[in-house]
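Structure first, commentary second.
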There are 2 protein chains.
Amino acid sequence: MATIKDVAKRAGVALSTASYALNGNQKVSASTIEKVLKAARELNYQKNGFASDLKRTKTNTIALILSDMSGPYFSELIKGVQEVTASHQYDLIACSSLGGDRSTATKFLREKRVDGAIILANNVSTQLIEESAREDFPIIVLDREVQNPFAIHVKVDNRHGAYQATEHLIENGHRTIGYISGPHDSHDNEERFKGFSDALKDHGITFQSRFKISGNFTRDGGYRATKMLIAQQQLPDALFYANDEMAIGGLQAFSEKGISIPDDVSIVGFDDIQLSEYVNPPLTTVKQPKYEAGALAVHTIFQMLAGEQVDQSFDLSTEFVKRSSVRSK
Amino acid sequence: MATIKDVAKRAGVALSTASYALNGNQKVSASTIEKVLKAARELNYQKNGFASDLKRTKTNTIALILSDMSGPYFSELIKGVQEVTASHQYDLIACSSLGGDRSTATKFLREKRVDGAIILANNVSTQLIEESAREDFPIIVLDREVQNPFAIHVKVDNRHGAYQATEHLIENGHRTIGYISGPHDSHDNEERFKGFSDALKDHGITFQSRFKISGNFTRDGGYRATKMLIAQQQLPDALFYANDEMAIGGLQAFSEKGISIPDDVSIVGFDDIQLSEYVNPPLTTVKQPKYEAGALAVHTIFQMLAGEQVDQSFDLSTEFVKRSSVRSK
DNA sequence: CTGTTAGCGCCTTCAG
DNA sequence: CTGAAGGCGCTAACAG
């Protein structure tokens, strides 16, 4: 590989001149720039990005860290992140935190391989985030609170969203309502459960803990949890699935047993993923402002990078989406 | 940020010793290693990844380049890529080629910021790929042929898949069949069209070019193309959509006009994306072996990195998936 | 406008 | 085990 040295030599100029020319610095004459560019072309020169990053201690790239890139991630969120990132002429890379401590995500965080990061990955430890965030390495977390002035929380109001959905169930006459939960260490799940319980409490309904089953936020988990519930012989009137993926798994379990939704059991999900509109019946759920969350996250990173003061946390609200998986009164 | 120098100082050892200790080199005693590690911990030392990459000219990471990360990408493909990459203790990052020459993908390719790349992005120019691929930078392309011994093609048999699907249409009595096409510069689209035409020809059917409309591989494009066809007043018996996204857009256009699928028009798609099973009616389509393609791609990269000889191209076959969007004879 | 020079942080000899 | 020294490729003063 040709280096900048070779280019300078071939163009017959000094190394620094070549560097200036290549980087479009003012103080080089047009003709010299042309000479250098020509030499670079002839040598098929490509700069070594690492060397330049090392020197400038700046990468011009933002990382989006997801718990599982192959998961049904939020395409709207990525779109929001991508557009804002691109409009600032920054690069964006996505990486996964699958594999815990030895994951790519961990490496990027620890080694500060990017200028800022956005995290939506419950398997990245809060400790790691707190240790990594600092003035020149802002981190935005979308799914938890973090104690570090350079780790900002962009949160959606999971609690209120869950409250609304639960109330919808109650208003339509459902009294025994089960909760299919996400991972216990998920902050989002916890908030949703709180909203759910609050609604129940406010309407004088007591929650029966045998109707709380974990489904781990996966379709398969939702399927199994639902199967279990069916096997118990005593189905509640309605089920609150802490996310859509699990609800869709549940739908399948019910359909296999000939249990009709919403005639026999009503269900609601959370997230409003793309599929939810297409399943049968279309899923009543709570929509998250994903695009906005993504855009706001990046926007905040750039503000921090520019040394501006930002709030410690931002709140975004959800929207209830009524479709056909809840029986009307 | 603490550097290795600080660690060495604090541990009271030489810089080189610290380096050895940190990298698990044999020639350092266990007690010294402990001392160094302790100092590193106390200083919250993190090595600078760029410096080390620069020195070693190796990044231990593979890039997956997609035309649009927020698009309905192939989650199975990512899974295949991810699993094999992780099993080799390599890191994986995904980036988008959105933005053409100034995209993140272009930067990674040009500057060789990774050890190898897998490309499924029709907006990355073949020229760039050919210029970038070299012995120490293997590239696998999933959607075209490239003339460079270090750019290997993992292809699925689009042609045969399209042939089969078309034949299915013909066998069920359809004679005038339209083709909703992808981008003209897409190799996949071209191959699918060839399979489609071949099937028609082999059954003595002549294709009417007014029934070929471009839909650009997007849902919206499929929607618009279908609208256009409907507006022409003369619908064919059946429609071959060059991918599922477009077919789903078409489904919506038909439904808005009260045209019933498959009673009025039969349709088939291509890809078998997750949604296809859930739309109404469930889409008959051609399934691509995405997981296998992803896994094979990474596997090949590692072989090349190890200096082994590999074939210039690999072929994977498709599978016809019969669902309910084609009227039976 | 050009050439010289001093690092960025890390890794790896090599002789002691 | 040490300490010095050379470099990876590039950038950015600085002095001419």
A:TYR20 - accessible surface, heavy atoms, 1.4 Å probe, Å² rounded to 10: 90 Å²
Where GluC sites (Glu not before Pro) in DSSP loops with at most 12 other Cβ within 10 Å are excluded, longest remaining stretch of chain A: A:146-307
B:ARG41, B:ARG210, reordered so the largest accessible area comes first (probe 1.4 Å): B:ARG41, B:ARG210
Spin-label pair A:THR57/B:ARG323, simplified geometry with 7 Å Cα→Cβ offset, distance in nm: 5.4 nm
Cα centroid of segment A:301-329 to Cα centroid of segment B:171-231, whole Å: 42 Å
Whether segment B:158-288 is rounded, prolate or oblate, judged on the alpha carbon gyration tensor where a/c under 1.5 counts as rounded: rounded
Lys, Arg +1 and Asp, Glu -1 on Cβ, resulting dipole of the protein assembly as shown about Cα centre, debye, nearest 20: 1720 debye
Dipole in debye (nearest 20) - chain B, about Cα centre, beta carbon charges: Lys, Arg +1; Asp, Glu -1: 1240 debye
Most positive-pole-ward Cα, B:ILE213, B:ASN158, B:PHE193, against dipole of segment B:158-288 from beta carbon charges: B:ILE213
Other copies of A:GLU131: label-to-label distances in nm, shortest first, labels 7 Å along the beta-carbon direction: 4.2
Potential lengthening between B:SER125 and B:ARG175 on full extension [0.36 nm per residue; Cα-Cα distance subtracted]: 14.2 nm
Positive minus negative residues near B:THR57 (Lys, Arg vs Asp, Glu; Cβ under 15 Å): +1
Cβ-based net charge around A:LYS257, under 14 Å, with every Lys or Arg adding one and every Asp or Glu removing one: -1
Amide H contacts under 5 Å for A:LYS212, placed H, 5+ residues apart: A:TYR179
Cα gyration tensor shape for chain A, rounded if a/c is under 1.5, else prolate or oblate: prolate
Carbon and sulfur %, accessible surface of segment A:158-288 computed with the full protein complex present, 1.4 Å: 44 percent
Long pairs among A:LYS5/B:LYS47; A:LYS257/A:LYS329; A:LYS58/A:LYS112, criterion Cα-Cα beyond 18 Å: A:LYS5/B:LYS47; A:LYS257/A:LYS329
Rounded if a/c under 1.5, otherwise prolate or oblate - segment A:1-82, Cα gyration tensor axes: prolate
Projected label distance in nm at B:ARG102 and B:HIS203, using a 7 Å step from Cα toward the beta-carbon: 4.9 nm
Computed over segment A:4-54: relative contact order in percent, which uses C-alpha pairs under 8 Å that are six or more apart: 36 percent
Solvent-accessible area of A:ASP315 with every protein chain in place, 1.4 Å probe, in Å² to the nearest 10: 100 Å²
Accessible area that becomes buried as A packs against B, both chains, 1.4 Å probe, Å², nearest 100: 4000 Å²
Per-residue [θ]222 nm for chain B (sum of -39500 (n - 2.57) over DSSP H runs n ≥ 4, rounded to 500): -12500 deg cm²/dmol
Per residue solvent-accessible surface (Å²) - the protein assembly as shown, probe of 1.4 Å: 44 Å²
Over chain A, relative contact order from alpha-carbon pairs under 8 Å, at least 6 apart, %: 16 percent
Segment A:189-304: relative contact order in percent, alpha carbon pairs under 8 Å with at least 6 residues between: 19 percent
Complex-versus-alone comparison for segment B:57-78, residues with a loss of 10 Å² or more in accessible area, probe 1.4 Å: B:THR59, B:THR61, B:MET69, B:SER70, B:TYR73, B:SER75, B:ILE78
Solvent-accessible area of A:LYS201 with every protein chain in place, 1.4 Å probe, in Å² to the nearest 10: 140 Å²
Rounded Å value of the spacing that divides the Cα centres of segment A:117-157 and segment B:248-268: 46 Å
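The values are calculated or read from the model by the stated rules, or taken from the named source; none is laboratory data. These numbers come from a predicted model, not from an experiment. Every residue, glycine as well, gets a Cβ built from its backbone with ideal geometry; the counts of neighbours run over all protein chains shown. Accessible surface areas use protein heavy atoms only, side chains included; no ligands, DNA or RNA. Shrake-Rupley method; radii C 1.70, N 1.55, O 1.52, S 1.80 Å.
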